[in-house]
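J.: Sharing a structure with you now.
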Amino acid sequence: MTAMSSPPSAALPTASPKSATACSHCDLPVPAGLIVPDADEQFCCAGCASVYRMIHGCDLGRYYHLRDVLGSTTPPVGPAADPPTRYEAFDQPAFFDAHTVALAGGLRQIDLRLSNVHCAACVWLVERLPKVCPGVIEARLSLGQMVARVTWEASAVRLSAIATTLHRLGYPPHPAGSSEARSLRIAQERQMLVRIGVAGACAGNAMLLAVSLYLGLLDGMAAEFETFLRWISLIIGGVALGWPGGVFFRGAWAGWRTRRVTLDLPIALALGVGGLAGLINVVTGRGDIYFDSLCVLVFLLLVGRYLQMRQQRRAIDAVSLMQSLTPVGCEVRRGNAWVSVPLESVVVGDRVRVASNERLPVDGTVCEGVSSLDTSSLTGESRPCGIEPGDAVFAGTQNVGPAIQVSVSAAGRDTRVAQLMEAASADVSNKPAIVCFADRVAGGFTLAVVLLAGLVFGGWWWAVGFEPALSHAVALLIVACPCALGLATPMTLALALGVASRRDILVKDAAIFEKLARVEPARPGVLALDKTGTLTTGQPRVVAWLGDSAWQPVVGVMETDSKHPIGRALAQAYGQANPPDIDHVTEHGQGGVTATFDGRDVALGSRRWLETQGVPLGREWVEALDRHQDQGMSLVVVAVDRQVVAVVWLADSIRPGTAAALRELEAVGFLPCILSGDTGDAARHVGQALSIAPDHVHAELAPEDKTKLVARAGGEGQMVVMVGDGVNDAAALARADVGLAVKGGAEAALAVADAYTHRPGLAPLIDLVGLSRLTLRVVRQNLAVSLGYNALTVSLAAAGLLSPWIAAILMPTSSLTVLGLAVSRLGRWKGAR
Amino acid sequence: MSVLYVMIPLAILLALISLIAFIWSIKRGQLDDLDTASTRFLTDDE
């Protein structure tokens, strides 16, 4: 037996570095077997090559320049897969009438949600669709929602052609149905903007009038004009307090009724007292009015909340819905022919054909064809499993072998994937909530202010008289408003959200900053980690080759076109620039490949498949294999002329830097544990490699089991943070205190996670934890500064020295100071390193 | 200075008109997407 090229050791290797040549279109590394020597451009696949030529053919080469300049923080665009014919379903009346709108002049319009939209360069390219696809009048892309509104001449071009063109450009389209949740969010934001507009208009005018009144104090103003101005101020103030200001009154009332004190309470107190006192003073013609400060207060506070709302909405919008998990249409047998129909028309009992490299659109039973299925997004299993007629298969998994035919048992909302999604979405409302820091402060704050006001009132009444006492107490209640805190907290959170998004972490709910910051070594939190795709790369890599290494180039070239993950790994490892000539490459089901080289028959595949082909393993091979049986690796056997010549081991490799990241997270106070749907061997191996305690490694978990484990840990009072990317993680992500999903995994996980990121691995979590701690420190700093200002103004009010113009200067100044400090501390944060 | 009795309500009326225009544009959805327009400026040259 010839020597091994590298021994399979107990430790799994980390992923190998990328090759030097990058694809001209998508910047991913070009496999060695596809490098064309002496060519100016290299491509990693046929899809990228055709997109590149199409873009240059339509004279849109500027796209690449723009992308380099504007798209620097986004990940590289993945290779454009060969366009399936599924878009023919778009021309069917069932789809066409439901999703498109007829405009005047024979034009039609549709809203399409596009995948892979990243940056301004994508906007530029998509909006030049009329150049690429004649017949299209206009395409407008919304970057935040990734929805393109396409208008075209119905008689000049078909919708399927438009969809196919978009797909070939690299942006697979789906019909953008508008969900109820999204319409609600948009309506809420619009309402908020209207309130801000009204508040701003009132604030501006109130300030102008107030300045006149202040100047009148210096030189004297005729009584009639003073009265006039005061009445106009009253009207404007009334509008501001009644309409936009109503938000705070309603919030305070709702909080009061449920015994939960929020920051709305002291704000409502200040607004209410100020408004009432101002009304009385204008009607009676005596005393100070503070309407300008109150209007500015309402305006600034609403702006702060709007900014936070908007940042959170950005993250929510950027997630495509479940619709993109399954294809838009599929091939169904109708009578004697295969017809492409929209997914909505498929019923139980139909026969569906799923081509190679396609996602299954339905749940069902295989009725024809032998193939392999990549179920990693649904179950977490890192190795594709073989399927044959009679096996049950599920929507959302990927067919990585030859085409199969499936008899439908469930479609649409009845599929397992859809039900998992629904369960996960329902769980989101069960998520444990925390009382935010600012709200916890609010209660004590209000109490202190009311007591102080009472004291001041009592003191002045006893010392001087009723009226001065009342006016001083009122002044105190108005200026003691936690304006700085109420404004600065949402602004700080909005800033933190922006900082996180620049680091490629999109956060949907700013509450996670506080949750993450609460974890300490004294108060440990549980870190639940999915294995496949999070801790590991999710793609198998060659670990060892045992046998004659002369066959390596042949193996490499045989797997060049394979879509099976193992085949791709072999092509990556053994592909060469000048491949040997082989003929009759045939892909069989279950990952087996045969070919002819130099007159000899070469076969490679799993051990079981080769045995069915009549190639048994000799005894010395079996001994070598048994020595490394329990490491959870995949095995590929190479046989020439029915004689085994080599054996290859492949394994899912751990992401580089994961072990170090885990040590850092442990130092912060997290207890890592693995929740995996993969086999026990594979999970235990990864746990060992990363020094995670064996009783913290849970394997072969169904999605429901993951959720139960997360709920149990949460029930024990610990903060649970979950990181995952598959559909099988979605419910657990929803149930955890903080759920972090990785984009590129299942869209279902993104839809329910609190935050998601493009960057794989644990580095984003470390960034997030660092950012959270900083944010909480800044919020506390806000409180300290705000208290300082309040102490100043309250002292002035208590001493009877406060007047409206002092308040008008001090309140915005305090807000600006706090904001400035927050910006300087958060704006300079460059990441956890 | 009694012109103030006319000027101030007039000014408020003007402010009201612009506020109504603002609200009208919000209701029409013009302020829903504030991000994409800024990117078009960077790339548009025709």
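The values are calculated or read from the model by the stated rules, or taken from the named source; none is laboratory data. Keep in mind the model is a prediction, meaning the values are calculated, not measured. When we count neighbours, we look across all protein chains shown, and the Cβ atoms used for this are built from the backbone with ideal geometry, even at glycine. To get the accessible areas, we keep the full protein, side chains included, count just its heavy atoms, and leave off ligands, DNA and RNA. Shrake-Rupley method; radii C 1.70, N 1.55, O 1.52, S 1.80 Å.
J.: Under the condition of being more than 28 Å from A:Glu226 (Cβ to Cβ), of a type in the set (Lys, Arg) and not in a helix (DSSP H, G or I), which residue from segment A:250-295 is nearest to the chain's Cα centre (by Cα)? Steps first, answer last, please.
T.: Taking segment A:250-295 first, the residues more than 28 Å from A:Glu226 (Cβ to Cβ) are A:250-269.
Retained after the next criterion (residues that are of a type in the set (Lys, Arg)): A:250, A:257, A:259-260.
Now narrow it down to the ones that are not in a helix (DSSP H, G or I): A:259-260.
Numbers: A:Arg259: 34, A:Arg260: 31 Å.
Taking the candidates together, the pick is A:Arg260.
J.: Quick one: how many residues across segment A:238-250 are open to solvent by less than 20 Å² (accessible area, probe 1.4 Å) and within 13 Å of chain B (Cβ to nearest Cβ)?
T.: 2
J.: Restricting attention to segment A:370-385, does a residue exist that is surrounded by fewer than 16 Cβ atoms within 10 Å (Cβ to Cβ) and more than 24 Å from A:Gly724 (Cα to Cα)?
T.: No: segment A:370-385 contains no residue that is surrounded by fewer than 16 Cβ atoms within 10 Å (Cβ to Cβ) and more than 24 Å from A:Gly724 (Cα to Cα).
J.: Sort out which residues of segment A:167-187 are assigned to a helix (DSSP H, G or I), open to solvent by less than 50 Å² (accessible area, probe 1.4 Å) and away from chain B (no Cβ under 14 Å), and write them in order of number.
T.: Passing the criteria: A:His167, A:Leu169.
J.: Would you pick out the residues in segment A:188-234 that are under 30 Å from B:Ile23 (Cβ atoms), open to solvent by 60 Å² or more (accessible area, probe 1.4 Å), more than 9 Å from chain B (Cβ to nearest Cβ) and aliphatic (A, V, I, L, M)?
T.: A:Met207, A:Val211, listed by residue number.
J.: What's the total number of residues in segment A:307-317 that are of a type in the set (D, E, K, R) and open to solvent by less than 40 Å² (accessible area, probe 1.4 Å)?
T.: 2
J.: Which condition number in (1) within 13 Å of another protein chain (Cβ to nearest Cβ); (2) modelled with pLDDT under 90; (3) over 30 Å from A:Ala268 (Cβ atoms) is the one that A:Ala139 fails?
T.: (2)
J.: How about segment A:735-833: which helices (runs of 4 or more DSSP H) wholly inside it have at least 2 residues that are under 24 Å from A:Ala528 (Cβ atoms)?
T.: A:747-752, A:763-798
J.: Could you tell me which of the residues A:Leu635, A:Leu671 is under 30 Å from A:Ala763 (Cβ atoms), in a strand (DSSP E or B) and open to solvent by 20 Å² or more (accessible area, probe 1.4 Å)?
T.: A:Leu671
J.: If you go through segment A:114-136 one residue at a time, how many are under 28 Å from A:Arg314 (Cβ atoms) and within 14 Å of another protein chain (Cβ to nearest Cβ)?
T.: So the answer is 13.
J.: Which one is most open to solvent (accessible area, probe 1.4 Å), of the residues in segment B:17-31 that are assigned to a helix (DSSP H, G or I) and at the interface with chain A (Cβ under 8 Å from one of its Cβ atoms)? Spell out how you get there, then give the answer.
T.: If we filter segment B:17-31 for residues that are assigned to a helix (DSSP H, G or I), which is where we start, we get B:17-27.
Those still in the list that are at the interface with chain A (Cβ under 8 Å from one of its Cβ atoms) too: B:18-19, B:22-23, B:26-27.
Values: B:Ser18: 69, B:Leu19: 25, B:Phe22: 65, B:Ile23: 28, B:Ile26: 3, B:Lys27: 140 Å².
Looking at residues that are assigned to a helix (DSSP H, G or I) and at the interface with chain A (Cβ under 8 Å from one of its Cβ atoms), I get B:Lys27.
J.: Quick test for you: out of A:Arg113, A:Arg108, pick the one residue that is open to solvent by 40 Å² or more (accessible area, probe 1.4 Å) and either modelled with pLDDT of 80 or more or within 23 Å of B:Thr39 (Cβ to Cβ) (or both).
T.: After applying the criteria, what remains is A:Arg108.
J.: List every residue pair whose Cβ atoms sit under 8 Å apart, with the two residues 6 or more apart in sequence or on different chains, where the first one lies in segment A:149-177 and is on the phi > 0 side of the Ramachandran plot and the second, anywhere, is assigned to a helix (DSSP H, G or I).
T.: A:Gly170/A:Val51
J.: Within segment A:151-166, is there a residue that is open to solvent by less than 50 Å² (accessible area, probe 1.4 Å), assigned to a strand (DSSP E or B), within 14 Å of chain B (Cβ to nearest Cβ) and in contact with a strand residue (DSSP E or B) (Cβ under 8 Å, 6 or more places away or on another chain)?
T.: no
J.: Looking only at strands (runs of 3 or more DSSP E) that fall completely inside segment A:546-607, which ones have 3 or more residues that are open to solvent by less than 60 Å² (accessible area, probe 1.4 Å)?
T.: Answer list for segment A:546-607: A:593-597, A:600-605.
J.: Looking at segment A:260-306, which of the residues that are touching a Pro at 6+ places or on another chain (Cβ under 6 Å) and open to solvent by 30 Å² or more (accessible area, probe 1.4 Å) is nearest to A:Ala210 (Cα to Cα)?
T.: So the residue we want is A:Asp288.
J.: Scan segment A:382-413 for residues that are over 21 Å from A:Thr679 (Cα atoms) and not in a loop (DSSP other than H, G, I, E, B) and jot them down.
T.: If the condition is that a residue be over 21 Å from A:Thr679 (Cα atoms) and not in a loop (DSSP other than H, G, I, E, B), then A:Ile404, A:Gln405, A:Val406, A:Ser407, A:Val408, A:Ser409, A:Ala410, A:Gly412, A:Arg413 are the ones that fit.
J.: In the set B:Leu4, B:Leu42, which member is over 16 Å from A:Trp124 (Cβ atoms), facing chain A (nearest Cβ under 9 Å) and out of contact with any Asp or Glu (no Cβ under 9 Å at 6 or more places or on another chain)?
T.: Among B:Leu4, B:Leu42, only B:Leu4 is over 16 Å from A:Trp124 (Cβ atoms), facing chain A (nearest Cβ under 9 Å) and out of contact with any Asp or Glu (no Cβ under 9 Å at 6 or more places or on another chain).
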